[in-house]
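What follows is a short report on a single structure.
The values are calculated or read from the model by the stated rules, or taken from the named source; none is laboratory data. Bear in mind the structure is a predicted one, so any value in this text is a computation, not a measurement. Ideal geometry is used to build each Cβ from the backbone, glycine not excepted, and the neighbour counts take in all protein chains shown. Side chains are part of the model used for accessible areas, which takes the heavy atoms of the whole protein and leaves out ligands, DNA and RNA. Shrake-Rupley method; radii C 1.70, N 1.55, O 1.52, S 1.80 Å.
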Amino acid sequence: MRTDQRPRPPGRRRSRLSWSWADLLLLFPLAALITPLYNRAEPSLLGFPLFYWAQFLFIPLGVICVVAVYLKTGDRK
C-alpha cells in the first residue's frame, strides 16, 4: 500500500459515480430539445409565437440550473 493512500473502512465500497438530487436539475435544460411540446403559434407574447419566446426562456433557466448544480456539488472531487 502506498503511503499517500488511507485505508478504506471495511464494508464500504467506493463508488465511481456520485450524484445528488440536485443533479436532476440538469434534465430541465434538455426539455428545450423536445420541441413538439411548445411548437405552436399561440399564445403569443409581444407578437412572438410560443416557440420563439420559449426558446429564449430556456436559455436563462438552463444557466440557472447549471449554476445551481455547480454550487451544490462543486466541492465534490
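One table, with the values for the structure above:
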| read-out | value |
| --- | --- |
| Scan of the range 24-74 for residues that are over 17 Å from the mean Cα position of the chain (by Cα) and either in contact (Cβ under 8 Å) with a residue 24 or more places away in the chain or not in a helix (DSSP H, G or I) (or both), ordered by number | Tyr38, Asn39, Arg40, Ala41, Glu42, Pro43, Ser44, Leu45, Leu46, Gly47, Phe48, Pro49 |
| Any hit, the range 49-67, residues being at pLDDT below 85 and open to solvent by 100 Å² or more (accessible area, probe 1.4 Å) | no |
| Matching residues in the range 20-45 - criterion: being out of contact with any helix residue (DSSP H, G or I) (no Cβ under 8 Å at 6 or more places or on another chain), among the aliphatic types (A, V, I, L, M) and over 14 Å from Val66 (Cα atoms) | Leu33, Ile34 |
